[in-house]
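J.: Encoded as structure tokens, here's the structure I'll be asking about.
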Amino acid sequence: MSEYTVYTAIHTENIDALRDELNNLGWTSFLLSDFAHPLAKSDDIVNQWQDLSHQQKWLILVTKQACEITLLENITHSIDLMIHERPELWRISFNTNGNTYTLLFSDKPWGDLCAVDPNDDWQSIERANNISEDDLQMMEDVFQLKRQTFQDFLKMGRSMVWQFLEATGLPALEMFCDYSCYHPAAGEGRCMLWDEYTQLAG
């Protein structure tokens with residue numbers, strides 16, 4: 001599975017409030033940006049966060065409680081991403097307003113890779129092949145972008161997913177699997193930002 005990419009991207013307007021919320025819950029977690037993020041090398045992440053654009057306020061959240069993140073008050077939206085070892089195949093799930101919308105850009109079901117019934121995969125494939133007006137409107141609301149910015153990348157293809165991530169501002173880390181990340185003992189029961197995590201996890 002090391003050649004797969006699997007992680008959850010979240011949107012937050014207030015990174016400090018989100019970190020406090022995670023700390024108060026006692027969740028072992030960390031928030032990670034990609035290398036292209038404007039604050040990727042900043043030592044003043046929290047204070048500069050409010051000045052970022054909507055598209056720059058996406059992060060990867062890694063936590064053992066990933067299945068519960070939709071309950072967090074300081075997360076506006078969450079998106080589950082999985083890219084196959086055949087990189088032209090990918091799956092994206094939008095978790096917003098209490099609903100989940102899944103698009104699977106594939107020529108066949110993934111089955112146990114997505115931990116769902118193959119019939120559910122076929123439904124997600126059908127949805128990806130016939131993206132509705134409602135789905136496009138939902139994505140416009142989530143990304144605060146016109147569909148023309150990202151719509152052309154919503155399909156199978158070797159570089160489609162990476163172009164989609166770049167167009168929307170979603171973090172892009174290839175072959176990153178959040179369930180296999182190392183959580184240093186010093187971060188147990190609290191949330192770390194990427195600068196501290198990098199120092200502790202090596």
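J.: If you take the charge dipole of the range 143-202 about its Cα centre, with +1 on Lys and Arg Cβ and -1 on Asp and Glu Cβ, which of SER159, CYS191, LEU170 is farthest toward its positive end?
T.: Most positive-ward Cα: SER159.
J.: Give the angle, between 0 and 90 degrees and rounded to the nearest 10, that separates the Cα long axis of helix 15-25 from the longest principal axis of the Cα atoms of the chain.
T.: 80
J.: Taking springs between alpha-carbon atoms closer than 10 angstrom, which of ASP16, ASP135, ASP44 fluctuates most in the Gaussian network model of the chain?
T.: Comparing ASP16, ASP135, ASP44 in a Gaussian network model of the chain, the most mobile one is ASP44.
J.: Separate question: Just how many pairs of Lys in the range 26-157 have C-alpha atoms closer than 24 Å, counting pairs that are eight or more places apart or on different chains?
T.: The number of close lysine pairs in the range 26-157 is 4.
J.: Another question about this same structure. Could you do me a favour and compute the accessible area per residue for the chain, 1.4 Å probe, result in Å²?
T.: 50
J.: Which residues' amide hydrogens lie under 5 Å from the amide hydrogen of MET192, considering only partners 5 or more residues apart or on another chain, with H built in the peptide plane?
T.: Those lying under 5 Å, H to H, from MET192 are SER29, PHE30, LEU31.
J.: Across the range 43-50, in residue order, what do the Karplus-derived ³J(HN,Hα) couplings come to in whole Hz, using 6.51 cos²θ - 1.76 cosθ + 1.60 with θ = phi - 60° and x for Gly and Pro?
T.: 9, 9, 4, 4, 5, 8, 4, 5
J.: When each pair of different Cα atoms in the range 88-196 is counted once in the 1/r mean, what is the Kirkwood radius in angstroms, to one decimal?
T.: So the Kirkwood estimate lands at 15.8 Å.
J.: Separate question: How big is the gap, in Å, between the Cα center of the range 1-64 and the Cα center of the range 132-202?
T.: 10
J.: How many percent of the accessible area of the range 74-144 is carbon or sulfur, using a 1.4 Å probe?
T.: Percent of accessible area from carbon and sulfur atoms in the range 74-144: 40.
J.: Okay, moving on. Using a Gaussian network model of the chain whose springs link C-alpha atoms within less than 10 Å, name the residue from LEU72, LEU18, LEU173 with the highest mean-square fluctuation.
T.: Between LEU72, LEU18, LEU173, it is LEU72 that shows the largest mean-square fluctuation.
J.: To continue, here is another question. Using a 10 angstrom cutoff on alpha carbons, build the Gaussian network for the chain and name the most mobile of GLU133, GLU73, GLU166.
T.: Top of the fluctuation ranking is GLU133.
The values are calculated or read from the model by the stated rules, or taken from the named source; none is laboratory data. This is a predicted model, so every value here is computed, not measured. Note: ideal-geometry Cβ built from the backbone for every residue, glycine included; neighbour counts use all protein chains shown. We work out accessible area using only protein heavy atoms, side chains counted, and drop any ligands, DNA or RNA first. Shrake-Rupley method; radii C 1.70, N 1.55, O 1.52, S 1.80 Å.
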